[in-house]
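I have placed the structure first, in the form of structure tokens, so that the comments after it can refer back to it.
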Amino acid sequence: MVKAYVLVSAKPGTSEDIVRFLKEASAIKGVVAADSVFGRYDAIITLEVEDLRTLSQVLYKVIEKIPNVVRTETCIVMFSGNG
């Protein structure tokens, strides 16, 4: 299992639309959470997928094609203190 946080930069005023899209499209494989945030990034998406190949597919074929997503940065979890 691979867990990753995707930090999203969006066009101004559109981060809530991106988060809403992800929450409504619950069939998107691996999306555990999506939140609009204040700070350097506009949204943070938590993914849990089977492997790095699946992570790559979700990132490039789904998340980066969402309207108003300008840029993403992915942080892959190396060690988790949870369980």
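Where a number appears in this text, it was derived from the coordinates with a stated rule and is not lab data. Please read these numbers as outputs of a predicted model, since none were measured by experiment. When we count neighbours, we look across all protein chains shown, and the Cβ atoms used for this are built from the backbone with ideal geometry, even at glycine.
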Within region 20-56, residues touching a residue at least 24 places away in the same chain (Cβ under 8 Å), more than 9 Å from the chain's Cα centre (by Cα), in a helix (DSSP H, G or I) and surrounded by 12 or more Cβ atoms within 10 Å (Cβ to Cβ) come out as Phe21, Thr54, Leu55
Residue count, region 58-83, condition surrounded by 14 or more Cβ atoms within 10 Å (Cβ to Cβ) and among the polar types (S, T, N, Q), comes to 3
Taking region 57-73 and keeping only residues that are more than 15 Å from Lys3 (Cα to Cα), in a helix (DSSP H, G or I) and among the aliphatic types (A, V, I, L, M), one is left with Ile63
